[in-house]
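Heads up, the thing below is written out as structure tokens.
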Amino acid sequence: MNNNKNGLSRREKLFCVYYSNACGTEQSAIYAGYTKNPYEKGCQLLSRSEIVKEIEKLSKARTSAFKSVVPAGFEKLAFSKITDAVSLLYMDSPSKKTIENLDLFNVSEIKKGKDGAMEIKFFDRAKALTMLLQLKDEKDSQSSLFDALNFGAMNLSDGDENDVQDIF
């Protein structure tokens with residue numbers, strides 16, 4: 001039964017989602033609900049061009065989303081407050097709900113010793129800032145490469161934009 005506009009069933013679409021998230025052939029088939037011979041079913045699905053196209057589409061979308069999320073994550077690590085983590089240190093016995101409502105994004109590790117003392121380690125803000133700068137430099141160098149190519153093409157064509165379009 002094909003309920004999606006691309007001709008894939010719900011389970012086939014689920015297989016594509018899990019496979020594009022690097023779950024592997026057998027595990028993706030199991031997660032999608034193919035419990036009988038999941039590896040074989042996964043291999044069969046991967047032999048179909050519409051399945052491969054869907055996986056490629058999902059993988060590209062994931063990569064694109066990842067590229068926008070990574071800088072935001074580094075920015076949050078570099079500039080977020082530590083007040084919730086410090087508050088946690090002073091709580092006697094916080095409930096699960098209380099802990100879930102704390103912003104502990106920048107916490108890398110929490111240890112509670114035998115004596116009841118708590119130790120909280122944070123992600124390195126300097127490394128997060130360094131990574132942000134590297135990402136910015138990479139983005140700037142990519143646009144610089146395009147500008148250089150464009151400049152070279154303009155010079156090759158003696159400034160005639162019509163010739164530049166022929167090159168690209």
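Taking other Cβ within 10 Å of each residue's Cβ, how do Y90, Y34 sort, fewest first?
Taking fewest neighbouring Cβ atoms as first place, the list is Y90, Y34.
Which of the lysines could be linked to K136 by a straight reach, that is with a Cα gap under 18 Å, when you skip same-chain ones fewer than 8 residues away?
K67, K76, K127
Using the Cα centre of region 1-79 as the reference point, and only Cβ charges (+1 on K/R, -1 on D/E), how large is the resulting charge dipole? Debye, rounded to the nearest 20.
That gives a dipole near 220 debye.
Let a ≥ b ≥ c be the square roots of the eigenvalues of the Cα gyration tensor of region 79-125; is it rounded (a/c under 1.5), or, if not, prolate (a/b larger than b/c) or oblate?
Oblate is the answer for region 79-125, as a/c is 1.5 or above yet b/c matches or exceeds a/b.
When we measure straight from the Cα of K112, which lysines land under 17 angstrom away, once same-chain ones fewer than 8 places off are left out?
Qualifying lysines at Cα under 17 Å: K96, K121.
Just to confirm a number: summing +1 for Lys and Arg and -1 for Asp and Glu over residues other than T25 whose beta-carbon lies under 12 angstrom from that of T25, what do you get?
Net of charged neighbours comes to -1.
Hey, what's the Kirkwood Rh for region 1-79 if you take every pair of different alpha carbons, in angstrom?
Evaluated on region 1-79, it is 13.5 Å.
Taking the Cβ of each residue in I110, I120 as the centre, tally the other Cβ atoms inside 10 Å and list the residues starting with the fewest.
Least to most surrounded, the residues fall as I110, I120.
Using DSSP to define loop residues, name the trypsin sites (Lys or Arg not before Pro) in region 11-85 whose beta-carbon has at most 15 other beta-carbon atoms within 10 Å.
Hits after loop and neighbour filter: K36, R48, K81.
Check F122: other-chain or 5+ apart residues with amide H under 5 Å from its amide H, H built from backbone geometry?
Amide H to amide H, under 5 Å and 5 or more residues apart or across chains, F122 pairs with S108.
Read-outs throughout are calculated quantities, based only on the coordinates presented, and are distinct from any laboratory measurement. As the structure is a prediction and not an experimental result, all values here were calculated from the model. Here Cβ is always computed from backbone atoms with ideal geometry, including for glycine, and neighbour counts include all displayed protein chains.
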